[in-house]
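The values are calculated or read from the model by the stated rules, or taken from the named source; none is laboratory data. Bear in mind the structure is a predicted one, so any value in this text is a computation, not a measurement. No Cβ is skipped: glycine too gets one built from the backbone with ideal geometry, and neighbour counts run over all protein chains shown.
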Amino acid sequence: MSIWARMLRRMFAASELPAGFAGVLEPSERIVATAGLAGGGHLVLTQLGLWVPEGVVARRVGWHLVSKAVWDRDALLITESVAVGTAGDAVLLGDLPPRRFVLTEPGRVPEVVRARVTTSIRSSQYYELPGGGAWFVQRKIPGQDGVTLQVRADPDTSAQALYQVAREVAARLVKLAASR
């Protein structure tokens, strides 16, 4: 492929869904970047999240639920988090096992993933708690106004202490937002 063909392909690659993509985008969802996967399938990045293959379908992981993303030159290692409960207005998260996606032509995918995950975070702070600790992270959810407080606890952290502190922090943030 000539340099001109590669340059044109890069310029317009993010405007179309790859052939065989098995997801259904929202009407206002726009494609930011795509990459083919070794073994078939694609990663499709939109302003709302990262579409990952799940067997014969694709599933979107919102940027606010990507707890960790690591690029190692040919593969993207993604750790997705899921809501496991609430404590007041705080959402308690747990991490799923990391998934490794080997990209055939990464293009802009690694830099877009990094930028989207990083810009979804408004603030983060680690609190020491009995038995461990927890990250308290305020994140912007794509397509929604405001921020959400997410709390990801270390293993063996006291559930009682976690719930109490998470409720208190969430209440303080609500008061702070109301006073602005």
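Things to note:
- Selection count where residues are surrounded by 13 or more Cβ atoms within 10 Å (Cβ to Cβ) and more than 13 Å from the chain's Cα centre (by Cα), scope the stretch 144-160: 10
- When residue 83 is tested against the conditions (1) over 26 Å from residue 21 (Cα atoms); (2) of a type in the set (A, V, I, L, M, F, W, C); (3) at pLDDT below 95, the lone failure is (3).
- Restricting the stretch 117-133 to residues that are within 15 Å of the chain's Cα centre (by Cα) and aliphatic (A, V, I, L, M), the residue that is surrounded by the fewest Cβ atoms within 10 Å (Cβ to Cβ): 121
- Hits in the stretch 109-125 (condition: assigned to a strand (DSSP E or B) and over 14 Å from residue 67 (Cβ atoms)): 122, 123, 125
- Some residue of the stretch 95-111 being over 30 Å from residue 36 (Cα atoms) and surrounded by fewer than 16 Cβ atoms within 10 Å (Cβ to Cβ): no
- Qualifying positions in the stretch 48-90 - of a type in the set (S, T, N, Q) and touching a Pro at 6+ places or on another chain (Cβ under 6 Å): 79
- Members of the stretch 53-79 that are in contact with a Ser or Thr (Cβ under 7 Å, 6 or more places away or on another chain), surrounded by 15 or more Cβ atoms within 10 Å (Cβ to Cβ), part of a strand (DSSP E or B) and free of Cβ contacts under 8 Å to residues at least 60 places away in the same chain: 79
- Extreme residue, farthest from residue 90 (Cα to Cα), among residues of the stretch 16-65 that are among the polar types (S, T, N, Q) and out of contact with any Asp or Glu (no Cβ under 6 Å at 6 or more places or on another chain): 34
- For the stretch 46-92, a tally of residues being under 11 Å from the mean Cα position of the chain (by Cα) and either over 22 Å from residue 148 (Cα atoms) or charged (D, E, K, R) (or both) returns 3.
- Residues located in the stretch 108-132, provided they are in contact (Cβ under 8 Å) with a residue 24 or more places away in the chain and touching a strand residue (DSSP E or B) at 6+ places or on another chain (Cβ under 6 Å): 108, 109, 110, 112, 113, 117, 120, 122, 127
- Qualifying positions in the stretch 18-43 - of a type in the set (Gly, Ala, Ser), loosely packed, with under 11 Cβ neighbours inside 10 Å and more than 18 Å from residue 102 (Cβ to Cβ): 19, 28
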